[in-house]
1. Looking at the range 1-66, what % of the alpha carbon pairs are farther apart than 15 Å?
2. Could you work out the Kirkwood radius for the range 1-134, taking every pair of different alpha carbons, averaging 1/r and inverting it, reported in Å?
3. Tell me the per residue accessible area of the chain using a 1.4 Å probe; a whole number in Å² is fine.
4. Read phi for every residue in the range 326-331 and hand back ³J(HN,Hα) as whole Hz from Karplus 6.51 cos²θ - 1.76 cosθ + 1.60, θ = phi - 60°, with x for Gly and Pro.
5. Please identify the trypsin sites (Lys or Arg not before Pro) of the range 145-231 that satisfy two criteria: DSSP loop assignment and at most 15 other Cβ atoms within 10 Å. Which are they?
6. What do you get for the angle between helix 126-139 and the principal long axis of the chain? Use alpha-carbon atoms, 0 to 90 degrees, nearest ten.
7. Quick one: if the Förster radius is 45 Å, what FRET efficiency do Asn107 and Gln17 give, using the C-beta to C-beta distance and rounding to 0.05?
8. What is the projected area of the convex hull of the Cα atoms of the range 118-179, averaged over all directions, in nm²?
Amino acid sequence: MTETSVNFKNVSVDFKQDKQTIHAVSDVSFSIPAGQIFGIAGYSGAGKSTLVRTINLLQQPTSGEVSVLGKQFFKKDEHGTTEISARELRTERRKIGMIFQHYNLLNQKTVLENVAFALKHSGLKEKKIAAKAQQLLADVGLSDYAKHYPAQLSGGQQQRVAIARALANDPEILISDEATSALDPENTNQILDLLKELNQKYGLTVILITHEMDAIKRICDQVVIMDQGKVVERGSLIEVFVESTNPVTRKIVGNDFDALAILQSMNIDTQSRNLVKLVYYSQEISQPIIVDLYAKYQVSASIVYADIEEFGSQPVGIMIVELNGDDDQVRTALDYLKQLDVQVTELRGAK
Ligand SMILES: Nc1ncnc2c1ncn2[C@@H]1O[C@H](COP(=O)(O)OP(=O)(O)OP(=O)(O)O)[C@@H](O)[C@H]1O
């Protein structure tokens with residue numbers, strides 16, 4: 001397996017509309033490592049769908065280069081255009097499954113037939129097709145629903161059928177374009193957990209396009225934030241959700257770790273009080289911090305704000321504390337916290 005599943009290099013997509021040019025995607029470059037769950041997040045209209053449609057050339061870039069699983073699919077620059085042949089593209093597209101917000105199931109066919117339909121051109125005999133479709137249904141937890149019709153299933157179950165169908169040709173990449181956007185929170189989480197399970201079981205690369213930050217936080221390894229056709233930021237969940245100071249990113253991912261925004265919403269003045277933001281990566285650490293600071297350094301820390309968020313299975317805590325004590329002791333206490341792998345940000349005078 002190649003290490004990079006998708007590589008975008010200087011990809012731009014323009015649409016001409018009423019004599020105007022819409023720059024849906026502008027000079028985007030990044031790569032998606034194989035075997036990861038990779039999020040592409042941003043507001044509606046940011047260019048996410050247009051960008052991922054260039055992966056299987058459902059959308060041709062206006063310029064730039066797209067390579068998938070080590071093979072160059074498309075390149076257009078000042079020297080001209082090179083493109084994979086239609087025949088090769090047909091073969092390569094089998095390695096890329098897609099699911100969408102709308103399940104697009106065939107209503108007159110049973111669940112099993114819907115999945116089997118995707119294997120029509122696989123070269124397998126009918127019996128083998130039925131067996132494989134049944135196995136795929138088992139993979140998505142729908143073994144008992146083979147003979148049901150789509151209308152008899154819930155939205156979450158229908159999306160499972162769509163996932164089974166998308167996996168029919170054993171793809172290496174699964175693109176999920178807002179696949180949970182029409183589902184309630186419980187079904188959303190179940191589908192996300194299923195994607196994670198498939199990622200782990202089969203090493204499937206999952207590209208998760210969504211405007212729902214909770215979805216990204218639940219299962220992604222890395223995330224790209226897009227805004228107005230451009231990549232604003234790329235990194236691990238912690239880098240993007242916890243550490244980023246980029247204002248566009250913060251607006252999109254929320255202010256859960258932005259101490260100044262939190263304090264402002266609580267009407268707390270940062271100028272006159274010795275406030276410190278502490279970020280830590282283990283749940284057990286928060287209580288001892290406060291106790292230790294007093295016991296070791298006679299620095300009292302009163303908690304102004306505290307919260308814990310989960311990123312996948314990684315809890316990340318934030319505390320804003322007001323420190324009181326001798327100046328030198330406060331300094332030593334802060335050094336001690338840094339040694340404990342607690343990120344310390346002093347907020348006095350910060351804007
Ligand atoms: N075929 C098209 N013709 C003209 N404009 C288009 C076309 N497809 C997309 N656009 C425009 O390109 C921009 C990016 O759209 P895109 O659908 O990629 O965004 P998105 O981030 O996926 O948002 P959404 O989740 O709402 O689809 C938008 O301004 C959109 O109106």
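The values are calculated or read from the model by the stated rules, or taken from the named source; none is laboratory data. All values reported here derive from a predicted model rather than from experimental measurement. Ideal geometry is used to build each Cβ from the backbone, glycine not excepted, and the neighbour counts take in all protein chains shown. Only protein heavy atoms, including side chains, enter the accessible area calculation; ligands, DNA and RNA are left aside. Shrake-Rupley method; radii C 1.70, N 1.55, O 1.52, S 1.80 Å.
1. 53
2. Every distinct Cα pair counted, the radius reaches 17.1 Å.
3. Normalised by residue count, the accessible surface of the chain is 50 Å².
4. Calculated HN-Hα couplings, in order: 4, 3, 5, 5, 4, 4 Hz.
5. For trypsin sites (Lys or Arg not before Pro) across the range 145-231 that sit outside H, G, I, E and B with at most 15 neighbouring Cβ atoms in 10 Å, the list reads Lys147.
6. That works out to roughly 10 degrees.
7. Here the calculated transfer efficiency is 0.85.
8. 4.6
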